[in-house]
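One structure is given here, and the rest of the page talks about it.
The values are calculated or read from the model by the stated rules, or taken from the named source; none is laboratory data. Please read all numbers here as calculations on a predicted model, not as lab measurements. Every residue, glycine as well, gets a Cβ built from its backbone with ideal geometry; the counts of neighbours run over all protein chains shown. Remember, those area values only see protein heavy atoms, side chains included, never the ligands or the DNA or RNA. Shrake-Rupley method; radii C 1.70, N 1.55, O 1.52, S 1.80 Å.
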Amino acid sequence: MQALLKLLQDGRFHSGEALGASLGVSRSAIWKKLQGLRSEFGVEVFSVPGKGYRLAEPLALLDGEVIARCASGFDWDVHVLPSLDSTNAEVMRRINAGVPAPFCLLAERQTAGRGRRGRFWVSPFAENLYCSLVVRVDGGMRQVEALSLTIGLAVARTLIASGIDGVGVKWPNDVLVRGRKVSGILLELLGDPADICHVVIGVGLNVNMLPEYDQAIDQPWTSMRQELGHCVDRNPIAAELINQLHNYLSKHWKSGFSGLRKEWEGLHLWAGSEASLIAGAKTVSGTILGVNDGGAIRLLVEGREVVFSGGELSLRLRHDS
Ligand code: BTN
């Protein structure tokens, strides 16, 4: 299926005969595979008698070799897969099966992309980046404190390096452009947090998704393409993201989040804003002061500073709620 997609990705017409000859299969086998592209990946294929088949739009697929080459300075294996339920889920299965960390998985699409607080992450084929990295943590939970904020910085730097203006971070781990979400981060722990465990770092980055997905997404969002005004090649972005993740993780392991806190606060979008912090059924309202060295959010509530931390909390601007 991937080989067929590679042949078709230029968006031009290809006859069934030529496709069959390139792949060493019959024309009817090609026809079957084309049906598979529709059903498995949601890829639209046009068929015109006398001309052949072409994709509705040209595709630029992820190239595992190109991405891995850019990440070759360090010991992360990088794999690209066409379709998965969730890259985080696949990484967990591989760790449970004994595959050694660190490694990184990217998928062209996810059928059950996981978001925070049980949400679904919209993950159409060949549009965005869906990436999970897994690392082993030996030193107990202190090491993963504020890790999601550090990852937010790595994603923000990837966007800034790609020429995007108005990039900022929102506690605890969203990356926004001009107030619209462009990336989400989901950290999941595997193993015994008191002993040896693995942390799965999932990053979804909207690269080429267009507003036709508005209905499926329940918050203001954007993509790199919408910001830059042109289609973006995902391969250099994936390579940059992996490099930035490596760079920021190294800093985090060395000196914790405290060494990165100033930088995070420099990109913090909501400092000084009135906001509500939602923790299950409970809501606390106050003025956002910033974050502390442990990555907890600092709020001024009725004249008193209060700090909150935890993966299930969410923050909303007061005028949004
Ligand atoms: C959020 O809700 O903001 C977090 C979204 C995280 C999505 C990414 S996409 C790659 C990885 N695999 C998943 O299933 N989820 C994360």
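Overview of results
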{"read-out": "Residue-span extension gain [S314 to S26] - 0.36 nm each, minus C-alpha spacing", "value": "98.3 nm"}
{"read-out": "Extension gain (nm, one decimal) between E17 and A281, 0.36 nm per residue minus Cα-Cα", "value": "88.9 nm"}
{"read-out": "Whole-Å semi-axes of the chain's equivalent ellipsoid (Cα gyration tensor)", "value": "39, 22, 17"}
{"read-out": "Percent carbon-and-sulfur accessible area, the chain, ignoring ligands, DNA and RNA, probe 1.4 Å", "value": "49"}
{"read-out": "Whole-number accessible area per residue in Å² for region 2-55, which is evaluated in the context of all protein chains at 1.4 Å", "value": "60"}
{"read-out": "Ranked packing of 275-283, 148-156, most packed first, by mean Cβ within 10 Å", "value": "148-156, 275-283"}
{"read-out": "Residue-normalised accessible area of region 64-266, expressed per residue, 1.4 Å probe, Å²", "value": "41"}
{"read-out": "Where Cα atoms sit under 28 Å apart: lysine pairs in the chain separated by 8 or more or lying on different chains", "value": "15"}
{"read-out": "Linear extension gain, F74 paired with Q219, 0.36 nm per residue minus alpha-carbon span", "value": "48.6 nm"}
{"read-out": "For region 227-266 and region 170-206, distance of Cα centres in Å", "value": "12"}
{"read-out": "Estimated D of region 1-114 in µm² per second, where Rh is the Kirkwood radius over Cα pairs and Stokes-Einstein applies at 10 °C, 1.306 mPa s", "value": "100"}
{"read-out": "Region 1-96, relative contact order in percent, only Cα pairs under 8 angstrom and at least six apart counted", "value": "27"}
{"read-out": "For region 270-320, accessible area per residue (1.4 Å probe, heavy atoms of protein chains only), Å²", "value": "53"}
{"read-out": "Region 2-55 - Debye-derived log10 I(q)/I(0), Cα point model, q = 0.20, 0.21, 0.29, 0.32 Å⁻¹", "value": "-0.61, -0.68, -1.37, -1.59"}
{"read-out": "Taking region 91-211 and dividing mean pair separation by its residue count, relative contact order in percent (alpha carbons under 8 Å, at least six apart)", "value": "28"}
{"read-out": "Pairwise label distance in nanometres, M1 with R119, each label 7 Å out on the Cα-Cβ vector", "value": "2.8"}
{"read-out": "Helix 147-161 vs. the chain, principal-axis angle (Cα, 0 to 90°, nearest 10)", "value": "60"}
{"read-out": "Normalised contact order of region 2-55, rounded percent, pairs of Cα under 8 Å and 6 or more residues apart", "value": "42"}
{"read-out": "Inter-label distance for D138 and L289, nm, one decimal - labels placed 7 Å from Cα along Cα-to-Cβ", "value": "3.8"}
{"read-out": "In degrees, nearest ten, helix 27-41 long axis to first principal axis of the chain (Cα)", "value": "20"}
{"read-out": "Stokes-Einstein diffusion coefficient of region 270-320, Kirkwood radius over Cα pairs, 4 °C, 1.567 mPa s, in µm²/s", "value": "119"}
{"read-out": "Over the chain: helical MRE at 222 nm, DSSP H runs n ≥ 4 each giving -39500 (n - 2.57), nearest 500", "value": "-9000 deg cm²/dmol"}
{"read-out": "Built amide H within the under 5 Å cut-off of V137, gap 5+", "value": "C197, H198, V199"}
